[in-house]
Amino acid sequence: MQNSIKDHAALSGIFNEDEPWVDWHEETLWFVREKRDKAVQCIPE
């Protein structure tokens, strides 16, 4: 396994250039968050 330090800012810039992927990622995260929030309401305290 190779250890390397990656520049998060540079990598995020590359990530953000792929708008369809960014849109998919954003929608997926919101879906997961909404699913989590609905599920937590079913758990008694």
Problem set entry | Per-residue [θ]222 nm for the chain (sum of -39500 (n - 2.57) over DSSP H runs n ≥ 4, rounded to 500) | -22500 deg cm²/dmol
Problem set entry | Extreme residue, positive dipole direction of the chain, given options ALA39, HIS25, PHE15 (C-beta unit charges) | ALA39
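For the chain, what mean projected area does the convex hull of the alpha carbons give, in nm²? Working shown, then result.
Details: hull surface 23.1 nm².
The directionally averaged projection comes out at 5.8 nm².
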Exercise. Which of the peptides 20-28, 37-45 is most tightly packed, and how do the rest follow, judged by the mean count of other Cβ atoms within 10 Å per residue?
Worked result: 20-28, 37-45
Exercise. Using Cα atoms only, what is the angle between the long axis of helix 19-40 and the major principal axis of the chain, expressed in degrees (0 to 90) to the nearest 10?
Worked result: 30
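Coordinate-derived values only; no laboratory data. Please read these numbers as outputs of a predicted model, since none were measured by experiment. Here the Cβ is made from the backbone with ideal geometry for all residues, glycine too, and neighbour counts use every protein chain on show.
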